[in-house]
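No lab work stands behind these numbers, since they all come straight from the coordinates. Nothing here was measured: the structure is a model prediction, and the numbers come from that model. In this analysis, Cβ positions are derived from the backbone assuming ideal geometry, glycine residues included, and neighbour counts consider all displayed protein chains.
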Amino acid sequence: MSIEYAIIVKNKTRLESLTHRFNTKSQAKFYIQRNNGNFDEYEEEHEVFHQSLSHLQAQLSKTIKYKIVERSYLPSYIFSDNNLVIVTGQDGLVANTAKYTREVPMIAVNPDPQRYDGVLLPFTTSNFMQGVEGVLRNQFQSRPISFAEAKLNDGQRLLAFNDLFIGASSHISARYRITYNGQTEEHSSSGIIVSTQAGSTGWLSSIFNMAYGISRLFVKDLQPQQLNLNPNELLFTVREPFKSLRTQADMAAGFINSQRMLQIESLMPSNGVIFSDGIESDFLSFNSGTIATIGIAPEKANLVMAHS
């Protein structure tokens, strides 16, 4: 099927979010400066982003029609096979968008390389048209990226590009029964993180950093471990498991693949949640009687790669 429309996905800048919160830019500036913040940084970031967005639009309009979709509208926007998706923003926006575009080709553009690392942003506004033209000719290289999937016993499901969180919505301990590799334990913990390969440089890496920092106090010459997940596996880690008369802590981490899944039964009467990629507002309730099966989703993201 031929590509008819490009969809530009963007998010509000921090300045736009502050202005929305405080009604006017001047009130937002007063709030930031009153708390000894540097408002110039917000303005500079906003200006660079919109210059990049304007440059992107000017180039794209010469080749294909396009629409702009804000991040907040992604859950209700229906992407089709005749779309090309261009994400301009930070890495997190790529993760949020991929769950809804599924296998539609996605070109991820770093609008501010001096400010954003861009692990998932192979293009800039200077070269993204190479990706656009490649997709239009159906001559492009892409990186298929697996999703983690949480499937509930009532049929609901949630995808994650980077990671899933399973636990309590507040700072109370999460209570659940976990089954993995033929073994079952009852846990009281700060929740479970399930990471994909794409997410291994994010939340999961911070857990590794914490574990390494603590362990090297007790183990001489301990070397940090490299995270080398392959595209067809996930890694789960239990955050701060508490061992007691009723709860265990031996099952603290493990790999998930097509043959080995993770099952979690909620023991929380209320406040249990599952959310993905740090978006707490888009969640599944995970309360007593709910069983979640965690595995690799059949869908894959289709991230267009830049020519080396």
| task | Springs between alpha-carbon atoms under 10 Å, Gaussian network over the chain: tell me which of S281, S200, S270 tops the mean-square fluctuations. | result | S281
| the range 156-308: Cα Rg divided by the 2.2 N^0.38 Å rule of thumb | 1.08
| field | Other-chain or far-sequence residues with amide H under 5 Å of V87's (modelled H) | value | V9, I107, A108, V109
| Of all trypsin sites (Lys or Arg not before Pro) in the range 112-187, which ones are in loop regions per DSSP and have a Cβ with at most 10 other Cβ atoms within 10 Å? | R137
| request: Kindly rank 252-262, 138-148 from highest to lowest mean number of other beta carbons found within 10 Å of each residue. | output: 138-148, 252-262
| Amide H of T124: which non-local residues (sequence gap of 5 or more, or other chain) have their own amide H closer than 5 Å, using H built in the peptide plane? | N110
| query | For the chain, what number of Lys pairs, 8 or more residues apart or on separate chains, have alpha-carbon atoms under 21 Å from each other? | reply | 13
| field | Over the chain: helical MRE at 222 nm, DSSP H runs n ≥ 4 each giving -39500 (n - 2.57), nearest 500 | value | -7500 deg cm²/dmol
| field | Cα-based Rg of the range 2-50 normalised by 2.2 N^0.38 Å, two decimals | value | 1.51
| message | Check which residues have an amide H placed less than 5 Å from N162's amide H, if you skip close sequence neighbours. | response | D277
| message | Between S126 and H20, what's the calculated FRET efficiency when r is the beta-carbon distance and R0 is 22 Å? Round to 0.05. | response | 0.10
| said: Net charge around Q156, counting only other residues with Cβ within less than 13 Å of its Cβ (Lys, Arg = +1; Asp, Glu = -1)? | reply: -1
| request: Pick out the long, greasy-scoring helices in the chain: whole DSSP H runs spanning 24 Å or more along their own axis by Cα, mean Kyte-Doolittle at least 1.6. | output: none
| said: Classify the range 1-107 from the C-alpha gyration tensor, please: rounded if a/c falls under 1.5, else prolate or oblate depending on whether a/b exceeds b/c. | reply: prolate
| note | Taking Cα pairs closer than 8 Å and at least 6 residues apart, the relative contact order of the range 25-136 in percent is 22 percent
| task | Report, to two decimal places, the Cα Rg of the chain normalised by 2.2 N^0.38 Å (N = number of residues). | result | 1.10
| message | Using alpha carbons only, how many angstrom separate the centre of the range 10-62 from the centre of the range 82-160? | response | 23 Å
| Relative contact order, percent, of the chain when contacts are C-alpha pairs under 8 Å separated by at least 6 residues? | 20 percent
| field | More than 14 angstrom apart: percent of Cα pairs within the range 236-308 | value | 75 percent
| Of all the C-alpha pairs in the range 153-217, what % are more than 19 Å from each other? | 51 percent
